[in-house]
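In what follows, a single structure is set out as structure tokens and then discussed.
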Amino acid sequence: MACVSRFQWHLLLTLLWGLKGESRYIQVKNSPADAMFLLNSDVKRELSEEQMYRRSLRCIDMLSIDGQFTFKADRPQLHCALFIIGDPEEFVTIEYNFVNIDCLGGDILKVFDGWIIKGEKFPSSLDHPLSTGERYTDICDLNNMGSITRSSQNVAMIFFRVQEPGNGFTLTIRKTPNLFPCNAISQSPSGQFTMIIPHQHRNCSFSIIYPVVIKISDLTLGHFNELQLKKPPPRGCGGTGDFVELLGGAGLDPSKMFPLADLCHSFHGSAQMKIGCDNSVLRMVSSGKFINRVTFEYSQLDRQKEKQEGNSVEEVCSPID
């Protein structure tokens, strides 16, 4: 089994475990039998530009490819969710081609800008320009089909409830380029990424749902050349307004993770850290006064191997209250 396939299976199981038993959002009764197929990159290569990929949706499902997807209830489906993920440099767009649900009777079709599991959100409320309520789009409130919503990052999520057998909906999913990707969830346990925040007052988090080794090869923070900053701030990087922090945790929300390290001075070289938690995040905080840039690579951390070799990998994965 390829490494990517193992990651895809791990990712879906992680999401399903997080969703299980959370009645406020959805409850999971059956996991997809074809979970590894859902994100199979081979499907992408087999489709030409003229073709549109089509398939049916399950109550709990995940999509990473463009296409048209239809859900038709064969029995009342009360707690369903569709996770959508693109490459880090992409937005997700969703077009509603056909909707046949009973909104007045309690059916639901809502899009969330990001992912939310057991109340934990990605991006966190600290990293997203909209409030939590504004991040939901209720399709029952849209008067005309053909409407399109676009995510603010490479992930989006659809909650739906269809009670009448035979009812359902059809969606078209497309990805569009994001010239300055900010928040993102990686589809792979290994890779390389450059995050650039050009004169914007915002925070950006890159999340890897895996324990990893992160190697930062280049960090450019605009304030580094400012004459007034002649020595490190006395209490960490928070006082600088522009810095990078590494976080680890067991959940989805970066704001509830444990801070493991922070960097507030530019450098060219190599800085490495092992994060043994289920979720690893590199987060950049930007004041908007400068052009900030960080380049890093990441690879899967074998926790069992680390223990066998006698290496101590700090694993502080409990959420912060």
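The values are calculated or read from the model by the stated rules, or taken from the named source; none is laboratory data. Treat the numbers as computed from the prediction; the structure is a model and nothing was measured. Neighbour counts are summed over all protein chains in view; Cβ atoms, including those assigned to glycine, are modelled from backbone coordinates with ideal geometry. Side chains included, ligands, DNA and RNA excluded: accessible areas come from the protein's heavy atoms. Shrake-Rupley method; radii C 1.70, N 1.55, O 1.52, S 1.80 Å.
Per-structure values
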quantity	calculated
Selection within region 153-195 - open to solvent by 40 Å² or more (accessible area, probe 1.4 Å), modelled with pLDDT of 95 or more and closer than 29 Å to L301 by Cβ	Q192, T194
Number of positions in region 196-226 that are among the hydroxyl-bearing types (S, T, Y) and open to solvent by less than 30 Å² (accessible area, probe 1.4 Å)	3
Boolean, I117 is modelled with pLDDT of 95 or more and open to solvent by less than 30 Å² (accessible area, probe 1.4 Å)	no
Search result, residues across region 128-152 that are open to solvent by 10 Å² or more (accessible area, probe 1.4 Å) and assigned to a loop (DSSP other than H, G, I, E, B)	H128, P129, L130, S131, T132, L142, N143, N144, M145, G146, S147, S152
Close pairs (8 angstrom Cβ cut-off, 6 or more residues apart or separate chains): touching a residue at least 60 places away in the same chain (Cβ under 8 Å) in region 120-137, assigned to a helix (DSSP H, G or I) and open to solvent by 40 Å² or more (accessible area, probe 1.4 Å) anywhere	E120/K256; S124/S255; S124/K256; S125/S255; L126/S255; D127/S255
